[in-house]
1. With the Cα gyration tensor of the range 76-228 in hand, give its eigenvalues times 5 under a square root as the equivalent ellipsoid semi-axes, listed largest first in whole angstrom.
2. Calculate how many DSSP beta bridges within the chain are antiparallel, expressed in % of all such bridges and rounded to the nearest 5.
3. Specify whether the C-alpha gyration tensor of the chain places it in the rounded, prolate or oblate class, a ≥ b ≥ c being the square roots of the eigenvalues: rounded for a/c under 1.5, otherwise prolate if a/b is larger than b/c and oblate if not.
4. Please report Rg (one decimal) and Dmax (integer) in Å for the Cα set of the range 78-136.
5. So, with +1 on the Cβ of K and R and -1 on the Cβ of D and E, and no other charges, what is the size of the charge dipole of the range 63-164 about its Cα centre, to the nearest 20 debye?
6. Taking the Cβ of ILE245 as the center, what net charge do the other residues with Cβ under 12 Å away carry, scoring Lys and Arg +1 and Asp and Glu -1?
7. Can you give me the % of accessible surface on the chain that is carbon or sulfur? Probe 1.4 Å, all protein chains present, nothing else counted.
8. Enumerate by residue number the trypsin sites (Lys or Arg not before Pro) in the range 125-212 meeting two conditions: DSSP loop (anything except H, G, I, E, B), and at most 15 other Cβ atoms within 10 Å of the site's Cβ.
Amino acid sequence: MRNKRAILPFLLVLAMMAGLLSACSKKEPGTVDAAAAEGKLKKIVIAEPLHSTGYLPLYVAQREGYFAKQGLDVEVIQAAGGAHVTAVVSGDAWGVIGGVESNALASRNSSDPIVSIANVVNRANVYLVAKKGMAPASSSPEDLKAFLKGKKIAAGRHGGTPNLLTRYFLISLGLDPEKDVTLLEPADASTVVTMVQQGAADIANGAEPQVSDGISKGVWEEPFYKFHDLGDFSYSVLSVKKSTIEKDPETVQKFANAILEALKAVQSDKELAKKDLKAEFPTLTDEAVQAALGRAYADNLWSPDARISEAAVNQDMDVMIKTGIFTGDYSYANLVDMQFVNQGK
């Protein structure tokens, strides 16, 4: 009898420990991935065409540990001049951030096309700015056409989305991009401030942080045209090879989960967004950081739910087709796969 009484407390302790271990083994939403808890993170590389404030949700997922929570170690590398897409094609990068149209161009007739899995920037987040002291008489198509004719425009690299949007805009006004203006096509988008400042260009197609940088330096004033007015536009999405989706859907799902968390954080916590933006762009003044964020929120820049709509893809591809860069047919179903966002946490 005495032995039974001595054993009972010991058995109760064992039972309690087993229950605790069982509870700990059940992963709750938002908890750290097992691989992350063990310090074994899977390394993947994302290629970006430039370092842009528009990509803030991607940087937030890095800096706030959302990728690590999913068991991922994500490195972002810059690959200018269109190399961001070819980096995925060659296998040097796991994924890419950029436009759906770039994927469409790179994947034509490919047996392993690049497929977009999550949205980040759902507006065409580039703007036309003019050298300080220059401005159209009004925003009417007639005055814009008269103002732009004969000007030197830093439009970004040939084939890049800012360049195509500039051409698309000129065509819509009845101007010939090859005859009625002089298009300057630098591969490095960060040079547009200097180009206008030094008089090489009258007008520039720029994004943040270049827009706020130019304003703070007195090179130009507020943009005279905003391409975000086009509405839903698959400007900067995250994409991977189709073979990656087929062979390693688990990693794709974890990546999408982290992006979803980052998008929610950027939308709901502006102080966190400001902190991480300043960390990514330490040379920007506090005023420029605040201006860049204010512009992003005012223009509904970031996708609220990571979904890429068919309307956004159609708008993007319409620019490609009307500028003559893309010919033939395209399919939303072949360019976009929303299963991971739909199943995301």
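1. Details: eigenvalues 177, 59, 36 Å².
The three semi-axes for the range 76-228 are 30, 17, 13 Å.
2. Details: 18 of 33 bridges.
Of those bridges, close to 55 percent are antiparallel.
3. Numbers: a/c = 2.99, a/b = 2.05, b/c = 1.46.
It comes out prolate by the Cα gyration axes.
4. For the range 78-136, the Cα radius of gyration and maximum Cα-Cα distance read 15.5, 52 Å.
5. Details: 11 positive and 8 negative charges, 135 e Å.
With Lys and Arg at +1 and Asp and Glu at -1, about 660 debye.
6. Overall, the nearby charge balance is -2.
7. Values: 8400 of 15940 Å².
Ligands and nucleic acids excluded, carbon and sulfur reach 53 percent.
8. On the way: sites: LYS131, LYS132, LYS145, LYS149, LYS151, LYS152, ARG157, ARG167, LYS179; in loops: LYS132, LYS149, LYS151, ARG157, LYS179.
Counting only loop positions with at most 15 other Cβ atoms within 10 Å, the trypsin sites (Lys or Arg not before Pro) in the range 125-212 are LYS132, LYS149, LYS179.
The values are calculated or read from the model by the stated rules, or taken from the named source; none is laboratory data. Bear in mind that the values here come from a model prediction, so they are computed numbers and not experimental data. Positions of Cβ are generated from backbone atoms using ideal geometry, with glycine treated the same way; all protein chains shown enter the neighbour counts. Protein only, heavy atoms only, side chains kept; ligands, DNA and RNA dropped before computing areas. Shrake-Rupley method; radii C 1.70, N 1.55, O 1.52, S 1.80 Å.
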